[in-house]
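These notes concern the structure reproduced below.
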Amino acid sequence: MTEDDTVLIETDGCTGLITLNRPQALNALTHSMVLRIGEALTAWEHDPAVRQVLLRGAGERGLCAGGDIRAIHADAKAGTTGSLAFWRDEYRLNARIARYPKPYVALMDGIVMGGGVGLSAHGSVRIVTDRSRVAMPETGIGFVPDVGGTYLLSRAPGELGTHLALTGTAVGAGDALLCGLADHYLPADWLDEFTRELTAAPVAEVLTKFKGATVPEAGLAAERDWIDHCYAADTVEEIHSRLRGSGLAAAREASELLHAKSPTSLKVTLAALRRARELDSLERVLEQEYRVSSAALSMPDLVEGIRAQVIDKDRRPRWSPAALVQVRGTAVDRFFAPLPDDLQLAFPESGAGRG
């Protein structure tokens, strides 16, 4: 497969079609894929024959499992900075999707994680299915939610976004809708017909033809009391303590999930979410995420986390520091420190994100 084959770009009727085409890698996103998507959006933006855009993934396993973290691992291990260029272009694409002037329809079928969330959940029409598994699992690999993930999760109801960001829990269609990560539900076996209809008519019109499916239950709705109480704490240590002390099995399971994550990533993620709540647009949050990602690239936990989860797959990361109490506030603050002017990511002040 050539680089040009990893994203299939075509038009059918009134719709521009973007198909992520690395099914053997769960459509993991590479730098060249980001650039090709951006080129397509540019070409279609001023083409009157294209009324809307549809994003989908090849194969049946998922839309996109995230960025190509093997490449990020190699970059971080070698001490090089190619990932910074990837993230810069990826985050710019996330912002562009959020303000795209034509309907941007994302089929969030199957696995949608990390960079896959960035390509889809900022769109204007976000469709989940009975197969959807949506997650920002970065704390498990020594990283921090990015691609606008801290923007989306910081604006979820109550502390649901904090729970999802810290634990990396994957949610189905009902919870994705509850948390504001999606807009519509369609059974997966309706997608082919939906896509055919979309090539001939505006998405608003097509959606009216596909009503009536029973939306899966949002399981997190019944968990709001303990989630909102436990995750409202000011520190990760206190969140842990509240989860353990709640007496609820689900809260105890969440505590065990946190125990397996990078202590540094957990503290930086909580800080990023709280700061994101105070920022007024997706663009400002993406600028913050770029600073955080740039710092993470040189930290030992990113290399170690990817090694343990993806390279060696022993699932036994050796975090450094190994305990929350060892992660000092000054270490967390360094992730948010301004970058030199020639290295920072900056959007125009007039930019506005979804919502």
Legend entry - Single unsatisfied condition, Arg61 versus (1) open to solvent by 20 Å² or more (accessible area, probe 1.4 Å); (2) within 18 Å of Arg99 (Cα to Cα): (2)
Legend entry - Gly168 being under 12 Å from the mean Cα position of the chain (by Cα) and under 25 Å from Arg96 (Cα atoms): no
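Every residue in region 198-222 that is in a helix (DSSP H, G or I) and of a type in the set (Ser, Thr, Tyr), please. Write out each step before concluding.
Initial filter on region 198-222 (in a helix (DSSP H, G or I)): 198, 203-209, 219-222.
Matches in region 198-222: Thr208 only.
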Inset, instruction - Give the number of residues within region 245-272 that are part of a helix (DSSP H, G or I) and either crowded, with 17+ Cβ neighbours inside 10 Å or touching a residue at least 24 places away in the same chain (Cβ under 8 Å) (or both). - result: 16
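Going residue by residue through region 115-134, is there one that turns out to be closer than 24 Å to Glu253 by Cβ, in a strand (DSSP E or B) and not aliphatic (A, V, I, L, M)? I'd like the intermediate steps shown before the answer.
We begin by selecting, within region 115-134, every residue closer than 24 Å to Glu253 by Cβ; these are 117, 128, 130-134.
So of that shortlist, the ones also in a strand (DSSP E or B) come out as 128, 133-134.
Among the residues that remain, those that are also not aliphatic (A, V, I, L, M) are: 133.
Yes, because at least one residue in region 115-134 is closer than 24 Å to Glu253 by Cβ, in a strand (DSSP E or B) and not aliphatic (A, V, I, L, M).
Every residue, every condition in (1) hydrophobic (A, V, I, L, M, F, W, C); (2) over 9 Å from the mean Cα position of the chain (by Cα); (3) open to solvent by less than 20 Å² (accessible area, probe 1.4 Å), yes or no:
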{"residue": "Met108", "(1), (2), (3)": "yes, yes, yes"}
{"residue": "Ile111", "(1), (2), (3)": "yes, yes, no"}
{"residue": "Gly114", "(1), (2), (3)": "no, no, yes"}
{"residue": "Thr129", "(1), (2), (3)": "no, yes, yes"}
{"residue": "Ser132", "(1), (2), (3)": "no, yes, yes"}
{"residue": "Gly142", "(1), (2), (3)": "no, yes, yes"}
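Looking only at region 186-206, count every residue that is open to solvent by less than 30 Å² (accessible area, probe 1.4 Å) and either among the aromatic types (Phe, Trp, Tyr) or touching a residue at least 40 places away in the same chain (Cβ under 8 Å) (or both) and tell me the total. Even if it seems obvious, please write down each step before you answer.
As a first pass, look at region 186-206 and keep what is open to solvent by less than 30 Å² (accessible area, probe 1.4 Å): 186-188, 191, 194-195, 198-199, 201, 203, 206.
If we keep only those that are either among the aromatic types (Phe, Trp, Tyr) or touching a residue at least 40 places away in the same chain (Cβ under 8 Å) (or both) too, we end up with 186-188, 191, 194-195, 198-199, 201, 203.
Counting residues in region 186-206 that are open to solvent by less than 30 Å² (accessible area, probe 1.4 Å) and either among the aromatic types (Phe, Trp, Tyr) or touching a residue at least 40 places away in the same chain (Cβ under 8 Å) (or both) gives 10.
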Legend entry - region 85-98 - residue that is open to solvent by 20 Å² or more (accessible area, probe 1.4 Å) and either of a type in the set (S, T, N, Q) or touching a residue at least 60 places away in the same chain (Cβ under 8 Å) (or both) and, of those, farthest from Val117 (Cα to Cα): Arg88
Legend entry - Qualifying residues in region 313-342 (those that are open to solvent by 90 Å² or more (accessible area, probe 1.4 Å) and in a loop (DSSP other than H, G, I, E, B)) - the one nearest to Ala85 (Cα to Cα): Asp342
Inset, instruction - Kindly indicate which of Ser265, Ser281, Ser241 is within 17 Å of Thr162 (Cβ to Cβ), of a type in the set (Gly, Ala, Ser), at pLDDT 95 or above and touching a Gly at 6+ places or on another chain (Cβ under 9 Å). - result: Ser265
Legend entry - Among (1) among the β-branched types (Val, Ile, Thr); (2) modelled with pLDDT of 95 or more; (3) buried (at least 21 other Cβ atoms within 10 Å of the Cβ) - the single one Thr169 does not satisfy: (3)
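Just to be sure I understand, how many residues within region 5-27 are touching a Lys or Arg at 6+ places or on another chain (Cβ under 6 Å) and either closer than 20 Å to Glu60 by Cα or open to solvent by less than 10 Å² (accessible area, probe 1.4 Å) (or both)?
4
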Inset, instruction - Please enumerate the residues belonging to region 144-156 that are surrounded by 24 or more Cβ atoms within 10 Å (Cβ to Cβ) and of a type in the set (S, T, N, Q). - result: Thr150
Legend entry - Test: residue in region 283-299 that is open to solvent by 10 Å² or more (accessible area, probe 1.4 Å) and more than 22 Å from Ala85 (Cβ to Cβ): no
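The values are calculated or read from the model by the stated rules, or taken from the named source; none is laboratory data. Just so it is clear, the model here is predicted, and its values are computed rather than measured. All Cβ positions, glycine included, derive from the backbone under ideal geometry; neighbour counts span all protein chains shown. Accessible surface areas use protein heavy atoms only, side chains included; no ligands, DNA or RNA. Shrake-Rupley method; radii C 1.70, N 1.55, O 1.52, S 1.80 Å.
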